[in-house]
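So the structure is just underneath, and the comments pick up after that.
The values are calculated or read from the model by the stated rules, or taken from the named source; none is laboratory data. Values in this document were obtained by computation on a predicted structure and should not be read as measured data. Neighbour counts run over all protein chains shown; Cβ positions are idealised from the backbone, glycine included.
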Amino acid sequence: MEYMLINLLNGLSYGLLLFMLSAGLTLVFSMMGVLNFAHASFYMIGAYISYTVGLRTGFWIGLIVAPILLGALGALIERFGLRSVHRYGHVAELLFTFGLAYVILELVQLIWGRGPVEYSIPKEMDRPLFTLFTTTFPMYRAFMMGVALLMLLTIYVAFKRSRIGLVIQAALTHPDSVEALGHNVPRLNMIVFGGGAALAGLAGAIGGNVFVTEPGMADEVGNIIFVVAVVGGLGSLAGALIASLLIGVLQTFAVSIDYSPLTLLAHAGFQVSTDSPAYNVLNLSVAEIAPILPYLFMILILVFRPKGLMGTRET
Amino acid sequence: MSSTLSTQRLLMIGPKLLNRSRFLVWCGFALILLIAPQIFNSASSVSFLSQLGALIIFCLSYNMLLGEAGMLSFCHAVFSGLGGFFAVHVMNLAADGLVFAPVFIIPLVGGFASAIIGVLLGYVTTKKSGTTFAMITLGIGELVYFLSQIFPTFFGGEAGVTTDRVYGAPFLGMTFGPQIQVYYLTATWLMLCTIGMYAFTSTPLGRVVNAVRDNAERAEFIGYNPRMVRHLVLIISSLFAGIAGSLTAINFEIASAESLGGARSAQALLFTFIGGRESFLGPIVGAVVGDFLSAKLSDYTAAWQLYLGIFFIIFVMYAPGGLVSIIAANWRVLRAGAFGRVLPSWLAVVASSVTAIAGAVILVELAYSTIFGLQKTAVAELFAPMGASSNAGACGFGVALLLAGAFWFSRTRVTFSQDWDRINSEIGASERGRMT
C-alpha cells in the first residue's frame, strides 16, 4: 500500500514534469505546425540560466528570469531563423530546429562546460512535506506539481478564453483570412514560438535541480516528449496531459518491479532451462525493459488508435 | 500496382539508363573506384575509402526516402545497423561451417535481413509522411537502440559482436583478409547498388514515389495507395541500407550498438541534406565531402560539431538544394557563357563571405582553446609566427575580420543577387526560345 502510494506520487510528479515539457511542444505544433526538435534544448538552457542567475540572486529570481529570457530567445529565433524557412514547408522548419539543437548543445558546453553543474533545490523547499507511513514526500516535488497544474490552467485560459488565443487558433487554419482582418500573423507565430520556448525554460528551471543539469539532459527527455505528443494525439493539450501522466506513472512503477515472466512461471510450477531459446526473453525483468516501455506504448497506440488518445486527426 | 509494373514498361528504363553520355559517366565512376586506392594507397587511406564506399551506399539509400519519397526518417541507421548485425552473425555461422555463405555474398544477406525489418517497421511508420513520419521513426530508432541494450546475446552488449572476415575457400584467389581486397569488394557492391538505385528512379514505381511525395492525395485519386508506395520504397531503401551496414561490418569486423543509434541516423540526414536531396548525385557529394571533412577537420579543431550544425542550418535556410544545386546553378551560368558579366559581384560576395567566415572561425577556435585548454589550437599556432601570440590580439583580429566581412557582404549581396537574377532570367528566356 505504502509502496503503491509513494510510487504513484513520484510517477505523477514525473509525469507532470513531462507535461510541462510536452505542453510547449504541443502548443507550437498545434498552432504553427512546427515540430520543434530544439524544444528539449530550450529546457536545458532554461535549467542553466536559472542556475546561473540563481547563483547571484537566489532560486526564486532565477525561476522567473529563465522563462522570460527563453521566451525572448525563442522569439528571436522565430523572427530571424524560422520565419525565412517557413516558405519551404514544415519539413524544412523541422530540419532547422534539428540543426539548432546541435548548435545549442555545443554552445551550452562552451559556456557551462561539459560536466554537470551544481543546481540544487532551494533550502526553504528542501524538506519533507508529509510522511506517508514511513516514507517522506519532498516539498519541492509538490511545488513542481503545483506549478505544472498552474501552467495547465494558464495555457487553457490564454488559448481558449482570451481574444489573442482565439485569433491564434483562427490563424492556424485560415492564415490569409486572419491577415485580411488586420492581424499580424507572423507576429502571432513569433509570440507562440516564444511562448513555447518560455514554457520549456520554466520546465528546465524547475526540473533541472530535481534531475541533473548537464549537457546530456536535453537528449534524456528529448525523445520521451515526442512519444508523449504522439500518444496523446498530435496537437492535443489534454491528450498531452493524460499521456505524460500515464507514461510518468508507467515508467516509475516499471523501474521498481523486479519480476520477470520467468519468476511468474516458476510460481506456476514451470521451469525454463537456461539453454532454451526463450530463456533470454523470459528472464528479462520489468525493470530491465522499463526504458523501452514508452516506445512500445507508442507503437501500440499507432497500431490500434492512430489518432492518439485525444487527437482529432489521424497521425 | 501490378498492372503498371508490366515487364514492357519496366524495360523502358533500358535506353534511359544507357544513352552515350550516361554510359561515359558510369565508366568514369567505375574508373575512379578502380584507381582511387592506387593513388591514395596508404593503409589508412584504403581503410578510409572502404568506409566511404559503405557510407555512400548508406546516404544514397537514405535519399531514396528523403529526396525521392519526401520521407524524413530518423531511424535509417536501424536498417543499416541491423543489417550489420545479421551479417556478422551469418559470418560467424559460416566460419563454423554451419551455413554456406562466402564473404562476397554477405552484403546481400544483411540487405535481405534488413529488408524484412523494413517490411515489419513499415507497417507502423508509413501511414503518413512529413512531420508525423519523422516523429514515429524517431521513436522506432530509440526503441531498437534500447532493445539492443537489453538483448546482449544477439547484440553483444557494450562491446558489440566481433567476427573474422577470413574464412572458407578463397574466391578468385581473394581471402578478403588484406584491406585492399575489402576495398574492391566494397567498390563492387557500391557500383552495383548505385546502378540499382539509379535505375530505380526511372522505373514506374520510382515515378509513382515522386508523385506521392509531391501530392499524395492526387496520387491516391489516380489509383495508387500512398501508404503502399511508401512502404515499398521503405523496404527497397532498407535493402540497400542493410548492404551498406554489412559492408561496414565486414570492414571493421564488428557490429556494435552505436551503429544503429540516433547519431548515425542523424549523420545520414546531415550529409545527404548538405550534398543535396534533389539530385541523385547529392548524397554521393554529401558523403564524400562530409566524411572527408569530419575525418580531417576533427584533427584540427574541437569545434567540428558546432561548424557542422551551423553549416547545416545555413543550408536549410539559404540553399535547400544543397551543394549540388549551388554547383549546378553556377554551371548553368558558365555554360551559357555569361559568367564574365556576373564575375565582379560574384568574386566580391565570395571574398566577403570568406573574410567573415575566417573571422568567425578565429573567434570560435579561440573560445574553444581558452575554455577547454585543448592542444588542437591550429589558429593559435597560425598566429604565433605573426607576432600576435596573445589571445587579445587574435581576438581583435577575428572581430575585425568578421565585422569587415559582414559589412562588405551586406553591401555586395544586393548587386550580386540583381546581376544573378537578371542573367538567369536571360538564360531562361533563351532556353525557352530554343525549345519553341
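Cβ contacts < 8 Å: first residue within 8 Å of chain B (Cβ to nearest Cβ), restricted to the range A:101-122; second residue assigned to a loop (DSSP other than H, G, I, E, B) and modelled with pLDDT under 85, any location; separation 6+ or different chain. Result?
A:106/B:303
Looking only at the range B:100-157, which residues are more than 15 Å from residue B:87 (Cβ to Cβ), part of a helix (DSSP H, G or I), more than 8 Å from every other protein chain (Cβ to nearest Cβ) and not small (Gly, Ala, Ser)?
B:119, B:120, B:121, B:125, B:133, B:137, B:144, B:145, B:152
Of all residues in the range B:29-83, how many are more than 13 Å from residue B:238 (Cβ to Cβ) and assigned to a loop (DSSP other than H, G, I, E, B)?
Looking only at that region, the number is 6.
Does any residue of the range B:281-299 turn out to be out of contact with any Phe, Trp or Tyr (no Cβ under 9 Å at 6 or more places or on another chain), more than 14 Å from chain A (Cβ to nearest Cβ) and either closer than 30 Å to residue A:78 by Cα or not aliphatic (A, V, I, L, M) (or both)?
So far as the range B:281-299 goes, yes, one or more of its residues are out of contact with any Phe, Trp or Tyr (no Cβ under 9 Å at 6 or more places or on another chain), more than 14 Å from chain A (Cβ to nearest Cβ) and either closer than 30 Å to residue A:78 by Cα or not aliphatic (A, V, I, L, M) (or both).
For the range B:132-152, indicate whether the set of residues that are in contact (Cβ under 8 Å) with a residue 12 or more places away in the chain and more than 30 Å from residue A:285 (Cα to Cα) is non-empty.
Looking for residues that are in contact (Cβ under 8 Å) with a residue 12 or more places away in the chain and more than 30 Å from residue A:285 (Cα to Cα), one finds at least one in the range B:132-152, hence yes.
Evaluate the range B:81-96: report whether one residue or more is without any contact (Cβ under 8 Å) to a residue 12 or more places away in the chain and within 23 Å of residue A:303 (Cα to Cα).
No: the range B:81-96 contains no residue that is without any contact (Cβ under 8 Å) to a residue 12 or more places away in the chain and within 23 Å of residue A:303 (Cα to Cα).
Of the residues B:255, B:287, B:244, which is in the same structural domain as residue B:191 (by TED's automatic domain parsing), touching a His at 6+ places or on another chain (Cβ under 9 Å) and closer than 27 Å to residue B:46 by Cβ?
None of the others qualify; the one that does is B:255.
Out of B:393, B:373, which single residue is farther than 30 Å from residue B:331 by Cα and either modelled with pLDDT of 85 or more or surrounded by 12 or more Cβ atoms within 10 Å (Cβ to Cβ) (or both)?
Answer to the check: B:393.
Check every one of the helices (runs of 4 or more DSSP H) wholly within the range A:176-278 and list those with 1 or more residues that are modelled with pLDDT of 85 or more, more than 14 Å from chain B (Cβ to nearest Cβ) and surrounded by fewer than 20 Cβ atoms within 10 Å (Cβ to Cβ).
Helices (runs of 4 or more DSSP H) meeting the threshold: A:185-207, A:237-256.
Any idea which of (1) modelled with pLDDT under 85; (2) within 26 Å of residue A:114 (Cβ to Cβ); (3) part of a helix (DSSP H, G or I) is the one residue B:360 doesn't satisfy?
(1)
Would you mind listing the helices (runs of 4 or more DSSP H) fully within the range B:229-332 where at least 3 residues are under 12 Å from the mean Cα position of the chain (by Cα) and in contact (Cβ under 8 Å) with a residue 12 or more places away in the chain?
The qualifying helices (runs of 4 or more DSSP H) are B:262-275, B:282-300.
For the range B:7-62, what are the residues that are of a type in the set (Val, Ile, Thr) and either touching a Lys or Arg at 6+ places or on another chain (Cβ under 9 Å) or modelled with pLDDT of 80 or more (or both)?
B:25, B:32, B:35, B:39, B:46, B:56, B:57
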